[in-house]
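Below: one structure, written as structure tokens.
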Amino acid sequence: MESKSEQFELVATLGGGELSILIDRFETNEPVLNARVEIESGSLKAGAKFHADQGDYAVDDPALLKALSQPGSHPIVVTFVAGRDSDLLEGTLQVTTAVAAADPGHGHAHGEASGHGAQAAHAHDDWRRLELLIAGLAVLGIGALWWRRRNRLAASSAGVPR
């Protein structure tokens with residue numbers, strides 16, 4: 001699940017016996033650490049524990065995980081308070097049969113759960129990289145045109161026909 005507001009964005013992944021959540025500031029990608037995070041889906045509610053080693057929040061409530069592990073679409077509301085900042089982000093967790101059956105109750109699996117989440121959490125970085133690539137190609141193109149023009153001017157001033 002991915003969700004964003006004007007100030008924050010989050011990615012939640014289900015796997016390894018937990019729902020792993022990464023939250024960062026939208027503009028800077030600065031992670032939101034040590035916040036109070038609560039997850040709500042339907043009538044179920046659970047708090048998330050912060051894991052300083054990975055910078056993620058993990059929900060391991062058995063009833064909530066059981067409900068979310070069923071294949072289908074699961075609306076989720078994430079509420080968090082981080083110092084003076086707070087937000088409420090909504091999204092839908094899509095669960096396929098393969099995800100629902102994969103590795104249930106295996107404990108906290110940071111590498112697996114947050115590794116993919118970290119990539120998705122910064123999906124808008126891909127657009128920035130594309131923009132930088134296009135800008136870089138434009139600079140190279142302008143440089144090539146300048147170099148070609150410079151060589152033509154040097155050749156014409158030396159009296160060499162073009």
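If only residues of the stretch 89-121 that are open to solvent by 70 Å² or more (accessible area, probe 1.4 Å) and assigned to a strand (DSSP E or B) are counted, the one that is modelled with the lowest pLDDT is Gln94. Quick one: how many residues across the stretch 53-88 are over 25 Å from Glu6 (Cα atoms), open to solvent by 50 Å² or more (accessible area, probe 1.4 Å), in a loop (DSSP other than H, G, I, E, B) and of a type in the set (Gly, Ala, Ser)? So the count comes out to 0.
Just one of the listed residues (Leu140, Leu132) is of a type outside the set (Gly, Ala, Ser), surrounded by fewer than 12 Cβ atoms within 10 Å (Cβ to Cβ) and at pLDDT 75 or above, namely Leu140. One residue alone among Val37, Val11, Val32 is touching a Lys or Arg at 6+ places or on another chain (Cβ under 7 Å) and surrounded by 20 or more Cβ atoms within 10 Å (Cβ to Cβ), and that residue is Val32.
The values are calculated or read from the model by the stated rules, or taken from the named source; none is laboratory data. Keep in mind it's a predicted model, so treat the numbers as computed, not measured. Positions of Cβ are backbone-derived with ideal geometry, glycine not excepted, and every protein chain shown enters the neighbour counts. All accessible areas refer to the heavy atoms of the entire protein, side chains included, with ligands and DNA or RNA removed. Shrake-Rupley method; radii C 1.70, N 1.55, O 1.52, S 1.80 Å.
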